[in-house]
């Protein structure tokens, strides 16, 4: 059974080890494994920085003390963009289908709408990731645009990325 909580600096070592595994399990992520690697110190800095900003949120899911997923909402310090944050999530493949991503998304929506009082939550998703798109649509996200031929995958083909958002009234 997993639990979802806010990331703490002591999670940094596990996050440094987890991200390359997540990147290797699917091509839905932006990176290849170990590309743009973040070490423990970098993760500690991210977690500390997110806690200091009211338009940032960093959640982790753990199962028996082991991190199995994480998500972030990252906002901007720029005045004209401070009203929004971008959501991203990744879950270990062995935990797919257990509702972790959906629960993390719902918690981020609640935080964005009530805790941080954001006006808009955005995300990017590969157009071929239909299960994620269905989840996002079920939570009120709509497509705002398409980045054509955005990602080059291992099959040598280019794939589109959808830009989606949910606006809070």
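No lab work stands behind these numbers, since they all come straight from the coordinates. Bear in mind the structure is a predicted one, so any value in this text is a computation, not a measurement. Heads up, the Cβs are rebuilt from the backbone with ideal geometry, glycines too, and the neighbour counts pull from every protein chain shown.
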Task: Projected label distance in nm at residue 155 and residue 52, using a 7 Å step from Cα toward the beta-carbon - done: 4.4 nm
TODO: Work out how much length residue 6 to residue 142 would gain on full extension: take 0.36 nm times their residue separation and subtract the Cα-Cα distance, in nm to one decimal.
DONE: 46.3 nm
Task: residue 110/residue 76 FRET efficiency (R0 22 Å; Cβ-Cβ; nearest 0.05) - done: 0.60
Task: Whether the range 37-104 is rounded, prolate or oblate, judged on the alpha carbon gyration tensor where a/c under 1.5 counts as rounded - done: oblate
Task: Calculated diffusion of the range 2-119, Stokes-Einstein form, Kirkwood radius summed over Cα pairs, 10 °C and 1.306 mPa s, µm²/s - done: 108 µm²/s
Open item on the list: If I stretch the segment between residue 128 and residue 45 completely, what's the gain in nm (0.36 nm per residue apart, minus their alpha carbon distance), one decimal?
Closed with: 26.6 nm
Open item on the list: At a 10 angstrom cut-off on C-beta neighbours, averaged per residue, how do the peptides 92-98, 33-39, 104-110 rank from highest to lowest?
Closed with: 104-110, 92-98, 33-39
Task: Top of 78, 18, 121 by mean-square fluctuation, Gaussian network on the chain, Cα under 10 Å - done: 78
